[in-house]
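Worksheet: one structure, shown below.
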Amino acid sequence: MQRNPYEVYRKNQVATASQAELVLMLYDGALKFVNIAHDAIEEKNYEKANKNIQKADDIIVELLGTLNHKYPVATDFENVYKIIRDRLLWANMKKDNDILQEAHDHIETMRDTWKEVMRKTNNGQNVHVGETTSAE
């Protein structure tokens with residue numbers, strides 16, 4: 001049985017990633033699924049749009065589950081994630097790309113903020129989701 005080299009690479013990438021890199025991968029995955037859903041809505045392929053919006057929402061739920069509430073900023077992250085989930089829900093129900101774009105923009109902002117945290121903290125070493133850093 002021959003294995004897909006790309007799949008082997010992806011599994012190794014995930015297995016060797018730091019916690020901060022895994023969070024970044026989650027954001028990138030959510031953006032990928034939102035983009036696929038956007039195109040599916042344009043094509044009026046609502047089943048595909050639904051499937052990919054749900055995948056993006058699953059990622060946001062996973063990110064919610066990683067929050068460490070002993071740090072006050074976790075509440076801010078939680079509030080943004082709830083807004084994203086709301087926008088994904090409404091975009092899915094209405095098949096509305098304008099609403100979906102709002103979710104995309106929020107996810108992108110969170111991803112870019114996370115990248116900046118990683119940059120300022122040596123690739124996120126010793127940083128947990130919802131934790132503030134002295135580098136901020």
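Read-outs: derived from the displayed coordinates by stated rules, not from any lab. What you see is a predicted model, and the numbers here were worked out from it, not measured in a lab. Cβ coordinates were reconstructed from backbone atoms using ideal geometry, including for glycine residues, and neighbour counts include every protein chain displayed.
If you stretched the chain out fully between E108 and N35, how much longer would it get, using 0.36 nm times the residue separation minus the C-alpha to C-alpha distance?
Here the segment from E108 to N35 would lengthen by 25.1 nm.
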Legend entry - Rg(Cα)/(2.2 N^0.38 Å) for the stretch 18-120, N = residue count: 1.06
Legend entry - Count, lysine Cα pairs under 25 Å in the stretch 18-120, 8 or more residues apart or across chains: 27
Legend entry - Radius 15 Å from Cβ of A56, net charge of other residues (Lys, Arg +1; Asp, Glu -1): -1
